[in-house]
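The values are calculated or read from the model by the stated rules, or taken from the named source; none is laboratory data. The structure presented is a predicted model; accordingly, all values stated were derived computationally and were not measured. We place every Cβ from the backbone using ideal geometry, glycine too, and count neighbours over all the protein chains shown. Protein only, heavy atoms only, side chains kept; ligands, DNA and RNA dropped before computing areas. Shrake-Rupley method; radii C 1.70, N 1.55, O 1.52, S 1.80 Å.
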Amino acid sequence: MTCADRIAKAYELAKDQYAAVGVDVERAADVLATIPISIHCWQGDDVGGFEPAGGELGGGLAATGDYPGKARNGDQLRGDLDKALSLIPGMHRVNLHAMYAETGGKAVERDELTAEHFSRWIDWAKAAGGGMDFNPTFFSHPKAADGFTLSCANDGIRQFWIDHGIACRRIGAEVGKALGSACVTNFWVPDGWKDTPADRKGPRERLKASLDAVFADPIDPTLNLDAVESKLFGLGAESYTVGSHEFYLGYAVATGKLLCLDAGHFHPTEVISDKLSAVMCFVDEILLHVSRPVRWDSDHVVTLTDETRAIAQEIVRGDYLGRVHVGLDFFDASINRVAAWVIGTRAVLKALLIALLEPIDALREREADGDLTGRLALMEQAKALPWSAVWDAHCLKQAVPVGPAWLEEVRDYERTVLAKRT
Ligand code: RNT
Ligand code: ZN
């Protein structure tokens, strides 16, 4: 039997098994094919960016490891992304940070960035046919060195970051216009104190006022959507984070912004899967930063964990696919960076497929009937349904390698391209 025959046969058997629990396998795969994942460019170079004077990674972010071959310019990073995208089923988006501007070696301050500095990214995304998302960069910069940006007490510094935010929203709108798909521009600031503050109120009031100034100009939501991302703590900001969850939940609800939930930005036993259906009662759309915190906000490569599956389950169960922008946020410098993208993105897609294949009607019925024993039994049984046969057939149909075959392609790319970089 050829490999394709084996996949086809397993798929047919899986189809029957799913039909027996009331699940339409074809429909699930068709829906999966339409879900774009916003793939973060920063996994490709350990959140380095291309600024001519780019220094140490700041903002309390840390990428550990020094795996050889990281991208050092736009062409290399796009080449690496092309490789990764060719191994992931579906049509996806790329998520850029302002620090990935290409200024031809010229120093352009962040408050002066324009869409022109991203024209090569835009052209590349246009050719690939996918959308692009964007982030102002409020870290790795001398004006962020004291740990405060939009909430800084210094008027000049605060204004600089406000102007950066304004510039980035304009870039987002240009990106959205050029690509015919709204760009999600996500705001995350590292502002906070290492030790117990005397004033918790001042910075939060300043952050609110700064955000109001950044968002003062209305922008057509078909071009650009603003999102705000909260955090619990950062390295060097352990005691107080200005942009906490309550702060941004309130801000998003009050102003109609998208709320960004990062899986690593909560207390260790708190999960964003449970937050989805709660916040969706009050905000129209959300952005997810799917990540994998290990003991802390460590940004490990996403894998098919219980929480990754629960996040996907909640998106599908709640019928939120049209209101949730699924983005990734991890950076591991200790393994092949292209492989990291492929592993993380494929894991999220697998989680979504498993969620789409869930025998949800039968589960809901048992719950409504008060048959809690039956609910638990079916949930356990559903875990063993042959979703991987559907996944393999999906990969085959989408013309990407099935099973572990993608790794050989990454290894080949490592030998022929990455190993030659110095
Ligand atoms: C930081 C936030 C933020 C960053 C990226 C690089 O804790 O998660 O989203 O990871 O903007
Ligand atoms: Zn994040």
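Quick notes on this structure:
- Summarised in one figure, the compactness ratio Rg/Rh of the stretch 129-234, Cα atoms and Kirkwood Rh, is 1.01.
- Residue-normalised accessible area of the chain, given per residue in Å² at a 1.4 Å probe: 44 Å²
- Dmax and Rg, reported as Rg then Dmax, of the stretch 3-68 (C-alpha, Å): 21.9, 61
- Alpha carbon convex hull of the stretch 72-170, projected area averaged over orientations, nm²: 7.1 nm²
- Ranked by the mean number of other Cβ atoms within 10 Å per residue, highest first, peptides 250-261, 333-344 order as 333-344, 250-261.
- Kirkwood hydrodynamic radius over Cα pairs of the chain, then Stokes diffusion coefficient at 37 °C and 0.692 mPa s, in µm²/s: 147 µm²/s
- Heavy-atom surface analysis with a 1.4 Å probe gives the stretch 358-422 a carbon and sulfur content of 54 percent of its accessible area.
- Cα-Cα over 28 Å, subset of LYS231/LYS397; LYS9/LYS383; LYS70/LYS177; LYS231/LYS257: LYS231/LYS397; LYS70/LYS177
- Spatially proximal aspartates and glutamates relative to LYS83 (Cα-Cα < 14 Å; intrachain offsets below 8 disregarded): ASP75, GLU408, GLU409, ASP412, GLU414
- Amide H contacts under 5 Å for GLU358: none, restricted to partners 5 or more places along the chain or on a different chain, H placed in the peptide plane at 1.01 Å from N.
- Converting phi to 3J(HN,Hα) with the Karplus coefficients 6.51, -1.76 and 1.60 and the offset θ = phi - 60°, the stretch 182-191 yields 3, 8, 8, 9, 9, 9, 10, 10, x, 3 Hz in sequence order, with x at every glycine or proline.
- Residue list for the stretch 14-51, given a label point 7 angstrom along the Cα-to-Cβ vector of GLN381 and an amide N cut-off under 17 Å: 14-24
- Computed over the Cα atoms of the stretch 265-306, pair by distinct pair, the Kirkwood hydrodynamic radius stands at 11.6 angstrom.
- Solvent-accessible surface of protein heavy atoms, probed at 1.4 angstrom with all chains present, puts THR305, THR373 in the order THR373, THR305, largest first.
- Sequence-distant residues sharing a close amide H with CYS260 (under 5 Å, placed H): VAL228, GLU229, SER230, LEU287
- For the stretch 334-416, the spread of Cα positions along the three principal axes, ordered from largest to smallest, is 60, 30, 14 Å.
- Rounded to the nearest Hz, the phi-derived 3J(HN,Hα) couplings of the stretch 154-171 under the Karplus curve 6.51 cos²θ - 1.76 cosθ + 1.60 (θ = phi - 60°) are 7, 4, x, 5, 4, 5, 4, 6, 4, 5, 5, x, 4, 4, 5, 5, 5, 4, where x marks glycine and proline.
- Extension gain from ASP30 to MET1, taking 0.36 nm per residue of separation minus the Cα-Cα distance: 7.8 nm
- Across the stretch 412-417, coupling constants 3J(HN,Hα) worked out from phi with the 6.51/-1.76/1.60 Karplus curve, θ = phi - 60°, read 5, 4, 4, 5, 8, 10 Hz, and Gly and Pro carry x.
- Under the shape rule built on the C-alpha gyration tensor, where the axes satisfy a ≥ b ≥ c, the stretch 274-422 is prolate, since a/c reaches at least 1.5 and a/b is greater than b/c.
- P(r) tail for the stretch 172-287: Cα pairs beyond 16 Å make up 63% of the total.
- More than 21 Å apart - percent of Cα-Cα pairs taken over the stretch 269-346: 30 percent
- Every helix of 4 or more DSSP H residues in the chain counts as -39500 (n - 2.57), and over all residues that averages to -13500 deg cm²/dmol at 222 nm.
- Shown for the stretch 1-100: the carbon plus sulfur share of the solvent-accessible area, taken with all protein chains present and a 1.4 angstrom probe, equals 52%.
- Reference-scaled alpha-carbon Rg (2.2 N^0.38 Å with N residues) for the stretch 327-370: 1.80
- Extension gain (nm, one decimal) between ASN73 and ASP412, 0.36 nm per residue minus Cα-Cα: 120.0 nm
- Rounded to whole Å, sorted largest first: equivalent-ellipsoid semi-axes of the stretch 121-161, Cα gyration tensor: 33, 9, 7
- Sulfur and carbon atoms: percent of accessible area, the stretch 158-220 [1.4 Å]: 50 percent
- Rel. contact order, % - alpha carbon contacts under 8 angstrom, at least six apart, the stretch 41-88: 45 percent
- Alpha-carbon geometry of the stretch 189-243: the Rg and the Dmax are 13.8, 42 Å, given in that order.
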